[in-house]
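The values are calculated or read from the model by the stated rules, or taken from the named source; none is laboratory data. The shown structure was predicted, so the numbers you read here are calculated from the model rather than taken from an experiment. Here Cβ is always computed from backbone atoms with ideal geometry, including for glycine, and neighbour counts include all displayed protein chains.
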Amino acid sequence: MVQLLQVASLGVALSGLVNAHGYLKNVEHNGKLYPAWQVGQDEYLPTVPTRYVRRVKDVGPVMDFTSKDITCNQGGNIPATGIIDVRAGDKIKLIWDQWGSSHSGPVMNYLAKCTPDCQSFKGDSGPVWVKIDQVAYDPTKQVPWGSDCLARNGASWTVTIPPTISDGEYLLRHEILGLHVAGTRMGAQFYPSCTQLRVTGGGNQNPTGVALPGAYNPDDKEGILTELWRIQQGQKNYTAPGGRVWSGAVPNTMKC
């Protein structure tokens, strides 16, 4: 009887952990919803549906964030069948199926220009990822963590496409980093996704950024190998990985 209770308790605990995970479900632009890869559904369909975000394997984090899975998640980095037409300066709303506030950490957004186009571009080598948006940790705010702000906004995040970025096809890489078990090496939980965009009406800026994989060092004690409770108790400062936000980006104005 005791063993049965222990197994049942373990099942409830594991269920709680899974329920705290999530994936990008929809992208909204100008009031229109564009479906992402629907985890647990699309992989069973006889034909690949029109989706605007590259497929992900499941609702869990990337297991090895030093591998190529970190680029666009553990779905094989297969080009999506659709692409969203946007103008430079437009806002994009990224909507998750759910997000638990216990998985606190930064929210980061990058752009990589697809060369020559998104049907042949993976972005898994070279400094192609330009950080255009980030909310990490600010102890002066009522909701100090970016991921908790996302949860407070109905599990959604809004980012602006930089107005001076050059025209072309891009991958918008949206990512939550959960730090709840990051005190153990390789314990940090990255949840990236890649949305395909076609940008027009931009400028002439073609900035370089960081490589993914490459930019996330498992021994980075300022942003990855760190203990959440120590940051929240003011024992140490926090610096999100992946470098600084590009100077041409538009500051995030989300309210929490």
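Screening the candidates 118, 149 for the property of being in a helix (DSSP H, G or I) and not aliphatic (A, V, I, L, M) yields one hit, 149. The residues of region 153-162 that are of a type outside the set (Val, Ile, Thr) and part of a strand (DSSP E or B), listed by number, are 156, 157. Would you mind stating whether residue 120 is buried (at least 24 other Cβ atoms within 10 Å of the Cβ), over 17 Å from residue 212 (Cβ atoms) and hydroxyl-bearing (Ser, Thr, Tyr)? So residue 120 fails the test. Taking region 206-225, which residues are hydrophobic (A, V, I, L, M, F, W, C), in contact with a Lys or Arg (Cβ under 8 Å, 6 or more places away or on another chain) and closer than 13 Å to residue 131 by Cβ? Selection gives 210, 212.
In this entry, residue 196 passes the filter for residues that are in a strand (DSSP E or B) and either surrounded by fewer than 18 Cβ atoms within 10 Å (Cβ to Cβ) or at pLDDT 95 or above (or both).
Looking across region 163-180, just one residue is assigned to a loop (DSSP other than H, G, I, E, B) and buried (at least 23 other Cβ atoms within 10 Å of the Cβ), and that is 179.
Every condition in (1) of a type outside the set (S, T, N, Q); (2) under 30 Å from residue 38 (Cβ atoms); (3) in contact (Cβ under 8 Å) with a residue 60 or more places away in the chain is met by residue 127 except one, and the failing one is (2).
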